[in-house]
Each structure stands twice: as C-alpha cells, then as structure tokens.
C-alpha cells in the first residue's frame, strides 16, 4: 500500500514553491515558467492521495491565476 503525504505536508511543499517564485523569475525564461511550475506541481500531486487532489490543485491554480500565468510576480500579500 503506498504511503502518501498528508494534506498539511503537501501544503508545506506548495508554500515552498510559492516562496521560490522570485528565484524562478530570476533564473527561468518567461516562456518556460509555466512548464517548470507544472513539473513541480505534478510531482506534489503524485505524492498526495487522490481524494485530496482537488483541494491541492485549487491551491496551485490560485498561484497561477495570481501571477497571470507567471507573466507578473506574485504580490507580496498574495
């Protein structure tokens, strides 16, 4: 039986991705940002029980929406 992350553990990883966004803007070409984020997001989703995917997906999607698809930085209060 597989071992999954708890929702709170997965949210810690999402927090880490969100905290690393300034570095992503500095090191990854604008045309590659969505793909880089998607790779990290998909890796986290694979570690979470399927029943928790939607809540985690919605949180990840909110980051994409707040950044306009990574066209602009995440607001300090985002």
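Just so you know, all these numbers are worked out from the coordinates, no wet-lab data involved. This one's a predicted model, so the numbers in the text were calculated from it and none came from an experiment.
According to the Cα gyration tensor, what semi-axes, each the square root of 5 times an eigenvalue, does the equivalent ellipsoid of the range 7-66 have, listed from largest to smallest in whole Å?
Ellipsoid half-lengths, sorted descending, are 21, 11, 10 Å.
Would you calculate, for the chain, the mean residue ellipticity at 222 nm contributed by helices, counting each DSSP H stretch of 4 or more residues as -39,500 (n - 2.57) and dividing by all residues, to the nearest 500?
Numbers: 4 runs with 48 residues, N = 78.
Result for the chain: -19000 deg cm²/dmol, rounded to the nearest 500.
Against the longest principal axis of the chain, how steep is helix 7-19, in degrees 0 to 90 to the nearest 10, with axes from Cα atoms?
Compared with the principal axis, the helix lies near 10 degrees.
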